[in-house]
1. What do you get for Rg/Rh of region 314-355 when both radii come from the Cα atoms and Rh is the Kirkwood radius?
2. I need to check one value: relative contact order of region 90-426, counting alpha carbon pairs closer than 8 Å and at least 6 residues apart, in percent.
3. Hey, could you pull the Cα Rg and Dmax for region 176-291, both in Å?
4. Say a paramagnetic label sat at a point 7 Å from the Cα of residue 256, along Cα to Cβ; which residues of region 174-199 have their backbone N under 12 Å from it?
5. Evaluate region 90-426: find the radius of gyration of its Cα atoms, find its Kirkwood radius, and give the ratio Rg to Rh.
6. Given R₀ = 25 Å, FRET efficiency for residue 411-residue 167 by Cβ-Cβ distance, to 0.05?
7. What's the FRET efficiency of residue 102 with residue 395 using the Cβ-Cβ distance as r and R₀ = 30 Å, to the nearest 0.05?
8. Would you mind ranking 205, 135 by Cβ crowding within 10 Å, fewest neighbours first?
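Please treat every number below as a calculation from the coordinates, not as lab data. If you're wondering where the values come from, they're calculated on a predicted model, not measured in any experiment. Please note: Cβ atoms are built from the backbone with ideal geometry, for glycine as well, and neighbour counts cover all protein chains shown.
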């Protein structure tokens with residue numbers, strides 16, 4: 001029988017073996033007329049499955065006892081304690097508004113035709129793609145060139161913008177915005193068809209082509225944690241919902257939101273609400289945002305990730321619910337001029353880690369926000385976004401927004417981020 005089996009027999013059988021060998025050694029060492037008894041060697045001793053001893057070879061003269069162990073026989077190893085597996089967790093990131101103003105669209109236009117918007121996301125692709133779950137607020141409908149590419153006030157983007165979002169690593173596309181109906185029902189249907197045909201792996205929220213789809217609560221399960229995500233907009237710029245598609249855009253309607261939150265709580269371990277809300281260009285949350293944040297908190301939301309104001313707003317806890325009131329713009333080239341225009345160039349990337357708390361319930365383990373700067377230069381690929389910590393004085397001097405607001409500078413961006421995000425922007 002192999003020595004490996006000896007190692008597995010455990011302390012009880014090892015003690016039995018040693019006791020027998022010790023008795024033999026003691027007999028061998030007795031004085032007088034007794035014949036010397038040899039000590040069994042390791043090679044001659046084997047423990048069977050029943051624990052019996054079998055002598056199968058002559059005793060070895062070198063066999064001896066050292067303490068309580070036989071020389072030449074490895075000691076039984078101590079039990080190996082398994083290191084507990086780390087508790088499962090999910091890393092989440094989200095960025096704010098993707099606004100395709102005309103100069104932004106032109107920056108992606110290729111000389112041979114078509115578009116390539118990969119430059120916009122190039123400096124943040126690693127952070128986006130490495131997160132377990134990445135969300136983006138796609139402010140502009142993707143109606144395709146068929147409906148005419150257009151900027152403010154009635155936006156429409158080419159499908160290549162969607163390709164760039166998928167390539168950057170986003171998993172969830174939020175389409176419930178005030179511009180969702182800029183190209184009417186056709187814009188909604190074209191957009192949904194594009195995502196389904198070209199990128200079926202993407203979760204597209206906030207717009208629907210059927211009532212059945214509208215009734216579904218999106219749940220993403222990862223690392224054993226089920227996360228529900230809801231997306232709503234305060235309105236659609238006065239454009240009414242189509243009579244034959246009243247379900248096509250998710251609106252912030254109190255009764256409906258409460259019902260969705262109840263369903264989400266029953267189906268998921270963690271609930272996220274992504275509201276398109278607030279007042280444009282205001283750096284502080286409004287009373288309406290606070291009211292909705294309280295409603296979300298009261299009805300089981302764990303995390304709120306807000307968009308629409310086109311500038312950043314504070315991050316705070318509301319009765320146990322973490323609220324990012326506004327992540328600002330991710331990319332834009334506003335036509336605005338004068339004081340305050342520079343505020344629209346500073347955005348934020350929410351970073352949240354979700355995992356079990358002490359009671360085993362899914363909860364927020366850590367959170368922060370990475371301040372961002374939208375950089376504008378003319379020419380193909382000239383529009384991109386940088387983390388504020390990587391932005392430089394040289395880049396700030398080249399940013400075309402300086403021509404629209406001379407106050408823009410690296411220091412301006414730093415001060416604005418610190419004023420609004422505070423400790424959250426420091427990763428604390």
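1. Taking Rh as the inverse mean 1/r over Cα pairs, Rg/Rh reads 1.12.
2. The normalised contact order for region 90-426 reaches 18 percent.
3. Cα only, region 176-291: 15.0, 42 Å (Rg, Dmax).
4. The answer is 176-177, whose backbone nitrogens lie closer than 12 Å to the label point.
5. Taking Rg over the Kirkwood Rh, I get 0.94.
6. After rounding to 0.05, the efficiency reads 0.15.
7. On the way: r = 23 Å, r/R0 = 0.75.
Efficiency, rounded to the nearest 0.05: 0.85.
8. 205, 135
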